[in-house]
Each structure stands twice: as C-alpha cells, then as structure tokens.
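*Asks:* Take a look at this one; I'll ask things after.
FYI, it's all coordinate maths here, none of it is from the lab. Note that the structure is predicted; figures quoted are calculated from it, not measured. Every residue, glycine among them, receives a Cβ derived from its backbone with ideal geometry; neighbour counts consider all protein chains shown.
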Amino acid sequence: MAKLFIPKNYRSSLDLKQTEHAIKVVKDHFQTALSAELRLRRVTAPLFVMKGTGINDDLNGTERPVSFPVKEFGDAQAEVVHSLAKWKRMMLAEYGIESSYGLYTDMNAIRPDEELSNIHSLYVDQWDWERHISKEEYKLDFLKHIVKKIYEVMKRTEFIVYERYPEIVPILPEDITFIHSEDLLAKYPTLSPKEREDAAAKEYGAVFLMGIGSKLSHGEKHDGRAPDYDDWSTETAEGYKGLNGDILVWNPILERSFELSSMGIRVSPEVLAKQLEIEGCTDRKELLFHKRLLNGELPLSIGGGIGQSRLCMFFLRKAHIGEIQASIWPEDMRKECAANKIVLV
C-alpha cells in the first residue's frame, strides 16, 4: 500500500456536505485576502506548455511531466505544468506589472511520480503568485516581510473557519518563527531532514525554513530545488545562503510538520548563471525562459505556491488530502480509509 497514516480515533468535525461548503469558505476568503495583502491581480493560467521552452517547473529536477503530442504542431510534445514558477515571471513582463504589484492564478497540475499518501496526490492545486520587486528589495529582510504578510492571511482565514465552525479551534501561534536549514542541522545533527522539520514545527507551531537547495556544512542539501527559479545560493548578511524557504506548520491530526507553501526571491540573471553552473545545467541557457532572463528582459521578482487542498486540509483538520479533492487512489488505500472513517471524495 502507498504510505498511509491513520490517526487514532479520527473523526472529522465536518461531514461531506459541510466539508464542501467549508472548502469554498476557505478558498474564497484566502485568495481575496492574499490578493489585497500582496497587491496581486488574478490572471488566467495554462494547463500545459510546449516542451523544450524551459517554462515548465523542474521541481527537484527528477519528476517526469505528463506529455502528449499536438497534431497541429506536427506532433511536437506539450507538457502538463508541474507549477508556474517561470511562466508567472514572464507574465509580469507581458502585463507590464510595476514594482510592488503582482499576479496570482489558480494552478492545476498532474504529478505522476508522487508517492501517494495522506498529503500527496497525483493532482496538485495551488495558488501560484509572483510580485515584481526592486533591486533594493532583493534581500532576506524583504523575504521575511512577505512571509509575515502571508502568515497573517493564514491566521485570519483560520479565524474565519472558527467563526463558521466553532468546533474547529485556531491553533496557529501568534508569530511565525524564521530558522535557516543550517541552524536546524546544528540543532538536530542526528536527525534526517524530514525529522528536523517535524521537530521544529512541533516546537514552534509555525516556521519558515530558509535556505532550501544549497549544500549545508555537512555537504548535503536539506532538500532539492531547481536552479532556475528560487535564489538558494546568494550569501546573506546573516552569513547564510539562500533567499527562499518553506512555510511549515505543526499538524496535530497527522502528528508531523505540514508544508503549506514554498516560495522565495527569484534568481537574478547573475544568480541564474551561477546556479546553472553549480548544478551542471548550463545547456538551459539556450531555452526561451532562460534566454529572456539572462538578457534582462524579465523583472526581478518574489513568488511562490500555496497549496489549496493542503490549506483546506489543515484548516478543516482533515486526515487525508482525498477528503478535500477528487483524485484517484489505490483500492487498498480507499478501503483502509473507509474502515477508519476517512471519507475520500
């Protein structure tokens, strides 16, 4: 069976009909508040892009995209997006969006290489957002400033859920804690990266774990990141590398850390060239997205993705992402969930 965790004595606070209504409450409030807080306009996004343009997100660099031939293009291959990290930055330029403003979109993806579990599905839905920044904002302090704004939206959304459904009591701490992956390694040197995340989330309730993608002092990465969207190699005034990170919260239902967002300041042309060199991907310089960025045609930006089903799952205290979204699951997982009162839609 794919990885499945069954919480002891689990009972959802909401039945199926209440859950569907609550999902709409969460999504409607969160995207409206996020848009206002970060000054983002909504735009329409593609479900697929052409292969070989460099626009699709490589995630950790190993996941295979779903692809198909397009008859009208001589059977050239199109790919279902993994995310829209690069496409959004191109749209900032296409729409002529000024500094301090940005865009967001509903991103739907298929990730066939996901290991199915309580939190991983073949279907991915998230709010992808991107904001134009100035040279002066290309720094760690500004990244933290934006993270705090997003966290405030999360806390307000949690309270909205509590107002509608008083049995779901808010649990997010007042403030989010910032910690670098190097500090986490020093604090828990014998733990694996995932175990370190669990320990930090349990201790603080909500953390922004910074510096994802570069090698740490012991010669390994905390986790992988593609070299061509987040800046994970720039050294900061604090003496660390990385202008990116993940928002992690403690999930009391699953008894583990729970990633709600991955985000960061995007690579400048100089940093892109450096990170492509580090990862041995200099051949990407000839792709459409990379050429435009290296030629200075795309604005500096900060951006990320916020999981829609993940967010609903956390705020509604659900044990399985399949209680939020319609996807496909192994039959043995469905049976085990049904036997333990986990209702997959």
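*Asks:* Within the stretch 265-285, track down each residue that is among the β-branched types (Val, Ile, Thr) and touching a Ser or Thr at 6+ places or on another chain (Cβ under 9 Å).
*Replies:* Ile265, Val267, Val271, Ile278, listed by residue number.
*Asks:* Among the residues of the stretch 165-183, is there at least one that is more than 18 Å from Arg266 (Cα to Cα), in contact (Cβ under 8 Å) with a residue 60 or more places away in the chain and small (Gly, Ala, Ser)?
*Replies:* Within the stretch 165-183, one or more residues are more than 18 Å from Arg266 (Cα to Cα), in contact (Cβ under 8 Å) with a residue 60 or more places away in the chain and small (Gly, Ala, Ser).
*Asks:* Would you check if Lys241 is of a type in the set (Lys, Arg), over 29 Å from Phe315 (Cβ atoms) and touching a strand residue (DSSP E or B) at 6+ places or on another chain (Cβ under 9 Å)?
*Replies:* yes
*Asks:* Quick one: in the stretch 84-123, which of the residues that are among the hydroxyl-bearing types (Ser, Thr, Tyr) and closer than 21 Å to Glu297 by Cα is surrounded by the fewest Cβ atoms within 10 Å (Cβ to Cβ)?
*Replies:* In this case the residue turns out to be Ser100.
*Asks:* Working carefully through the options Trp250, Trp329, find the one that is in contact with a Lys or Arg (Cβ under 6 Å, 6 or more places away or on another chain) and either in contact (Cβ under 8 Å) with a residue 12 or more places away in the chain or of a type outside the set (Ser, Thr, Tyr) (or both).
*Replies:* Trp250
*Asks:* Specify which of the listed residues (Lys274, Lys335, Lys285) is of a type in the set (Lys, Arg) and free of Cβ contacts under 8 Å to residues at least 12 places away in the same chain.
*Replies:* Checking each option against the conditions leaves just Lys335.
*Asks:* Considering the stretch 269-284 alone, what residues qualify as being within 15 Å of Ser214 (Cβ to Cβ) and assigned to a helix (DSSP H, G or I)?
*Replies:* Within the stretch 269-284, Val271, Leu272, Lys274, Gln275, Leu276, Glu277, Ile278 meet the criteria.
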